[in-house]
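The values are calculated or read from the model by the stated rules, or taken from the named source; none is laboratory data. Note that the structure is a prediction, hence the values are computed from the model and not measured. We place every Cβ from the backbone using ideal geometry, glycine too, and count neighbours over all the protein chains shown. Surface accessibility is based on the protein's heavy atoms, side chains included, excluding ligands, DNA and RNA. Shrake-Rupley method; radii C 1.70, N 1.55, O 1.52, S 1.80 Å.
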Amino acid sequence: MTGPWRTVARVLTEVFQPPVVVLVLLLISPATEPGFPGTIWFGMLAALFVCVLPLAYVLVMVKLGRITDHHVSDRRQRPALLLMTLGSVLVGLLVLHLLNGPAGVAVMIIALIGGIGVLAVVSAFWKMSGHASALSAAVVITILMFGPAWLPLLLLVPAVGWSRLVLRAHTLAQVIVGSLFGAVVIAGLWWLLRVWML
């Protein structure tokens, strides 16, 4: 596909790339607890370790020629990056614990650790869509947090999945499995942890 539709696909892919989606998710993670929006800075701190530092690492590696592009299209390059991200996330979780951060932020981080861990293992063999995983998890979690008024966000999942197909970044199976993984596994883990910890 060429022309304006390919441009739309590129915009969707960039706007809803995993670091951006997860950053927004972390910012709203303490929203259902007392003290919000004053506690939003804990979400910002979490985003530093979960999103900003790993993305900065990717951009530096791209500049050095060790990673092909900022979407890490070569699946062989993904396991090392995901393990580095996992380490950064664990440090962030420790910092938030030492600062007595809101439990909702910790719940979100632990759910993301579970997701990143599985993606790291799968990426060694198969290129499941990280875009689809992150977005579907974020949409389902947002709906669970704020109610059915947010159901229209579900339309973003097939839209972004379509963009990954148009750009030939994934197969249909990789997009579908990524979407199901985010919606069921990551969001499900978040829900279970929330029931247990909040």
- If packing is taken as the mean number of other Cβ atoms within 10 Å per residue, what is the order of 174-182, 148-156, highest first? 174-182, 148-156
- Item | Accessible area per residue, Å², region 25-172 with all protein chains present, probe 1.4 Å | 47 Å²
- Item | Top positive-direction residue, dipole computed over region 1-124 with Cβ charges, set Leu45, Leu94, Val58 | Val58
- Task: Give the shape of region 1-89 as rounded, prolate or oblate, defined through the alpha-carbon gyration tensor: a ≥ b ≥ c are the square roots of its eigenvalues, a/c under 1.5 means rounded, and otherwise the shape is prolate if a/b is larger than b/c and oblate if not.
- Result: oblate
- So for Trp5, Trp196, Trp191, Trp162, what's the accessible-area order with a 1.4 Å probe, most first? Trp196, Trp5, Trp191, Trp162
- Query: Relative to the first principal axis of the alpha-carbon coordinates of the chain, what is the inclination of helix 18-28, with its axis defined by its Cα atoms, in degrees from 0 to 90 and to the nearest 10?
  - Reply: 20 degrees
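When you count, for each residue, the other Cβ atoms within 10 Å and take the mean per peptide, how do 131-144, 36-49, 87-100, 110-123 rank with the highest first?
Working: 131-144: 24.5, 36-49: 18.1, 87-100: 14.9, 110-123: 19.7.
Per-residue mean Cβ counts within 10 Å order the peptides as 131-144, 110-123, 36-49, 87-100.
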